[in-house]
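The values are calculated or read from the model by the stated rules, or taken from the named source; none is laboratory data. None of the values given here were measured: they were computed from a predicted structure. A quick note on method: Cβ atoms are made from the backbone with ideal geometry, for glycine too, and the neighbour counts reach across all protein chains shown. The area values use the complete protein model at the heavy-atom level, side chains included, leaving out ligands, DNA and RNA. Shrake-Rupley method; radii C 1.70, N 1.55, O 1.52, S 1.80 Å.
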Amino acid sequence: MYNDLLHALPNVFALTNFIAVVIGVIAGIVVGAMPGLSATMAISVLVPFTFGLEPLVALGLMAGIYNGAMYGGAIPAVLLRIPGTPAAVATTFDGYPMAQRGEGGFALQVAVVSSSIGGIASAFALMLLAPPLSRVTLLFGPSEVFWVAVFGLASIIFLLGGNPVKGLISACFGVFVSVIGSDPIFGNDRFTFGRLEMLDGINIVILLVGLYALPPVIDLLETPLKTDGVNSSKLGTESIWKALPRMKSYWKTWLRGSLIGIWIGILPGAGGSMAAFMSYNEARRTSKTPETWGEGEPEGVAAAEVANNADTASALIPALTLGIPGTAVAAVMLGGLLVHGLQPGPMLFRDNPDIVFGFMWQFLFGAILLVLLGGSLATNSFARLLNLPRPLLGAVIIVLMLIGVYTIHGRMFDVYLMLGFGAIGWVMDRLKFPLPPVVLGLILGGFAEENLRLALRIGRGDPMILFQNTTSLILVALTIAVIVGPTLKRRYFDSRMKM
Amino acid sequence: MKKTLAAVAVFLSATAAQAEYPEKPIEVIVGYSAGGGTDVMARTVAQFLEKELGDGASVVVKNMPGAGGQIGFTEVAKAAPDGYTLGTFNLPAALALTKDRDADYKVNSFTYLANFVEDPNTVVVAASSEFQSLGELLDAAKAEPGAITVGLSSLGGNDHFSANMIAAASGAEFTLVPFKGASMARTAIMGGHVAAGTMALSQTTSFGDDLRVLAVLADERSPFSPDVPTAKELGLDVEMSSLRGIVGPAGMDQAVAERLRAALSAVNENPEFQKMMADQGNPMVFMVGDDFAATSAAQDSVAAKIWEETPWK
């Protein structure tokens, strides 16, 4: 197998194949940076066009876009507090406060270096460990996956801090949105009001754009003359070579975030935003100065960005070996492979080694190229946008949002839906309800429900099915630790103080 | 006089349509997203159909995913029957949707042009499973009704119908577990989370080392896996498959429909097309016109019967 890996390398450097990766990365950064346009969408638009392309050109474009977009989403997240992609939500926590302090340039550099490291780690996992890791995926049946979702929800609600009651209400709203559409087992309509458009549920991008992009845009339009008083229009960019030494101390966060991202990637369904949140939580929990997190701690940006890129290539492990994509983007890429007659499964590696392993190399090079292309080029040109008059910037973003949401399914209904969520988001923002739990509630709520119900069907209604094997029990223990851990820790410290 | 003129005009425009068809791009609506099995088939057919229609004809695939394909099927059924809107048609999925909800189309809302793919269902277990034959599996399901879990790609599809038909024919009772898609069901079988599955044959072929196919639900053995017996050989008269073809809206102009049928038949006879379809893992069964319509009507009554006996929602 490792022979095949080396054998595939020369092909990757064929001029057209290499240019495809470069173009892909640049396009990915641009797409990711535009609120409303996501990697999933860019690749689904691309798939039909790749029908006539050489496989490695098509796959190179896709690998580049995926890597580029996962970083690109950080650009508006840092500069405007608008996550460009669902996976960039956690990047806003510390990225935007940094930009307000005039350190936006450094925040973006941390983001690009971290993204690149995550992408490289993930590509290595895909190249070297795909077959054994796919066996890990097999361990996760419905009951195990249910516990993963519960663990994810618990860690978000209990660790994200802030007002837990408001957090819980936000999460419940997200879970409620996940209920809309046909139910995952019988296909009964729930809260669809007879609209076919609602049957498949609410697309995460519609919710994200509405909740996250509309309120800041309204702010931009509301304050035509205000330059928001702080330094967010200054980036304070310095050469990446000067910035790199400042990031030395993040290696632990990078390592942890990469492992979390790879792990989330090989589980079907959860995807980049969960990876970013979990990595952020873990990094903050182990930080010596957790109080600076959320106030503009560069390590927070590093934690989020390393993890959301670390699940890119690893999400393809179950996709290529089992045909079950780890993320929405991987699902679309699987379509791209199918178009070229590449059927997922163990045979794929035997029948088409040059293409499959070439594709893996392209992931690696895409991740490396990210530093070069994203570092100076993209960061500088996008930062210029901030010098635009604020109402103009707001108007440009609104147009992008409308186009982006419209193109998901090509229908106005989604646009109205997005505007509705925008109104809700604006109210929540004013009342200081946290938005991240809504996004995770939507992603993990549906995931938890579907798998709980499948597990119960397998157990013929007996809930003990949920506790029947080691993997489940480990996840239950982790969930309990997340919920009671902080309280126990506090008790322990209190009692020591008294002594 | 007026009537005659009108009739002449209609006649003229009809012949004109026949002579010039197609004078603008033909759209093929796919009710699923780009890159799925149906989409890939549509794009492959479109590519060859352009050549067969000749004269710079253009065939464009348009994806309208959503509601399990219903949005796309409805779009085709309601389109003008002028030959410029065609669609992919999936059996039994498209017709199952007309049973479990109020769909805006029926079995006779379409002009049946040609079917290309027929993918028979199977009974499959993990390679590590204790069940070596269909008989052993069914005996276990009879010994303890409901103890055997069967993973499906969804309720109301060919996997589900297969499981129900086997249960009815053998007297066994299964616990049905509808996953989201065949790959998820397959992974659950491979991981030992469910005991068996009824997925389509093409879903099993790449996983020969991990899966054991116990039976094919077709009237004869498949060239894709000639060692696997049919259910009929094993004493169970059950046939179920998923079909993919091309239809237009009902009431299409006869001449245009015949032109398309001829062109699609020519596509099917093209060895290059056959090779591409085989590479994509598609078992081919070509049916044109009335044969296709008859198969669809038969599938419709199967779906109606199952819905009546064991409604799934």
Alpha carbon centre of the range B:38-83 versus the range A:89-130: separation in Å?
42 Å
Note down the nm distance, to one decimal, between modelled labels 7 Å out along Cα→Cβ at A:L168 and at B:D219.
6.3 nm
If R₀ is 41 angstrom, what is the calculated FRET efficiency for the pair A:I19 and A:T470, using the beta carbon separation as r and rounding to 0.05?
0.25
Name the residues of the range A:437-478 whose accessible area, probed at 1.4 Å, falls by at least 30 Å² once all protein chains are in place instead of their chain on its own?
A:E450, A:L454, A:R457, A:I458, A:R460
Not counting ligands, DNA or RNA, and with a 1.4 Å probe, what is A:T16's accessible surface area in Å² rounded to the nearest 10?
90 Å²
Between A:T286 and A:A423, the two model label points (7 Å from Cα along the beta-carbon direction) sit apart by a distance in nm of 4.6 nm
Using θ = phi - 60° and the Karplus curve 6.51 cos²θ - 1.76 cosθ + 1.60, what whole-Hz ³J(HN,Hα) does each residue of the range A:466-478 get, with Gly and Pro shown as x?
6, 10, 8, 9, 4, 4, 4, 5, 4, 5, 4, 4, 4
Non-local amide H neighbours of B:V117 (under 5 Å, H modeled in plane, Pro and chain starts lacking H): which ones?
B:R244, B:V285
If amide H atoms are modeled at 1.01 Å from N in the peptide plane, then the residues at a separation of 5 or more from B:V61, or on another chain, having amide H under 5 Å from its own are B:V28
Quick check: the angle from helix B:2-20's long axis to the longest principal axis of chain B, C-alpha only, nearest 10 degrees?
60 degrees
Can you give me the % of accessible surface on the range A:2-498 that is carbon or sulfur? Probe 1.4 Å, all protein chains present, nothing else counted.
69 percent
Rounded to the nearest whole Å², what accessible area per residue is found for chain B with the 1.4 Å probe?
40 Å²
Exposure ranking of A:V150, A:V177 by accessible area [1.4 Å probe, largest first]
A:V150, A:V177
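Past the 29 Å Cα-Cα mark, which pairs from A:K166/A:K489; B:K106/B:K313; B:K24/B:K180; B:K99/B:K180; B:K142/B:K232; B:K62/B:K275?
Numbers: A:K166/A:K489 23 Å; B:K106/B:K313 19 Å; B:K24/B:K180 38 Å; B:K99/B:K180 20 Å; B:K142/B:K232 19 Å; B:K62/B:K275 24 Å.
B:K24/B:K180, as the Cα separations exceed 29 Å there.
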Averaged across B:278-291, how many Cβ atoms of other chains sit within 10 Å of each residue's Cβ atom?
1
Using only Cα atoms, locate the centre of the range A:417-433 and the centre of the range B:98-148, then give the distance between them in Å, rounded to an integer.
45 Å
I'm checking a number: the convex hull volume of the Cα atoms of chain A, normalised per residue, in Å³. What is it?
159 Å³
Rounded to whole Hz, the Karplus (6.51, -1.76, 1.60) HN-Hα couplings of the range A:163-174, x for glycine and proline
7, x, 5, 5, x, 5, 4, 4, 4, 5, 4, x
Could you work out how far helix B:134-143 tilts from the main Cα principal axis of chain B, as a 0 to 90 degree angle to the nearest 10?
60 degrees
Just to be sure I understand the interface: list residues from the range B:28-56 that lose 40 Å² or more of accessible area between the chain on its own and the complete protein assembly, 1.4 Å probe.
B:A34, B:G35, B:V40, B:R43
Using a Förster radius of 22 Å, what is the FRET efficiency between B:A297 and B:Q254 based on their Cβ-Cβ separation? Nearest 0.05, please.
0.65
Given a 1.4 Å probe, how much area per residue of the range A:109-170 is accessible, in Å²?
31 Å²
Got a number for the accessible area of A:H409? Probe 1.4 Å, square angstrom, nearest 10.
70 Å²
Rounded to the nearest 10 Å², the accessible area of B:D279 using a 1.4 Å probe with every protein chain kept is 90 Å²
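For the range B:122-216, go through all pairs of different Cα atoms, get the mean of 1/r, take its inverse, and jot down that Kirkwood value in Å. All intermediate terms of the calculation are to be shown ahead of the outcome.
Working: mean 1/r = 0.0788 Å⁻¹.
The Cα-based Kirkwood calculation yields 12.7 Å.
Could you check how much of the accessible area of chain B is carbon and sulfur, as a whole percent, using a 1.4 Å probe?
Carbon plus sulfur share of accessible area: 53 percent.
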Once the mean of 1/r over all distinct C-alpha pairs in chain B is inverted, the Kirkwood radius in Å reads 20.5 Å
Shape of the range A:59-216 from its Cα gyration tensor (a ≥ b ≥ c, root eigenvalues): rounded if a/c is under 1.5, otherwise prolate when a/b > b/c, or oblate?
oblate
Considering protein heavy atoms only and a 1.4 Å probe radius, which residues within the range B:192-206 exhibit an accessible-area decrease of no less than 40 Å² in the full assembly relative to the chain by itself?
B:H193, B:S206
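Using only protein heavy atoms and a 1.4 angstrom probe, determine the accessible area buried between B and A, summed over both sides, in Å² to the nearest 100.
Working: alone 14180 and 21000 Å², together 31890 Å².
Its buried surface, counting both partners, is about 3300 Å².
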Please give the Cα centre distance for the range B:238-313 versus the range A:314-385, rounded to the nearest Å.
34 Å
Under the Karplus relation 6.51 cos²θ - 1.76 cosθ + 1.60, θ = phi - 60°, what is the ordered set of whole-Hz ³J(HN,Hα) values for the range A:289-298, x standing for Gly and Pro?
10, x, 6, 7, 6, x, 9, x, 8, x
Once amide H atoms are placed 1.01 Å from N in the peptide plane, what residues at a sequence separation of 5 or more from B:L214, or on another chain, have their amide H within under 5 Å of its amide H?
B:V123, B:V124, B:V125
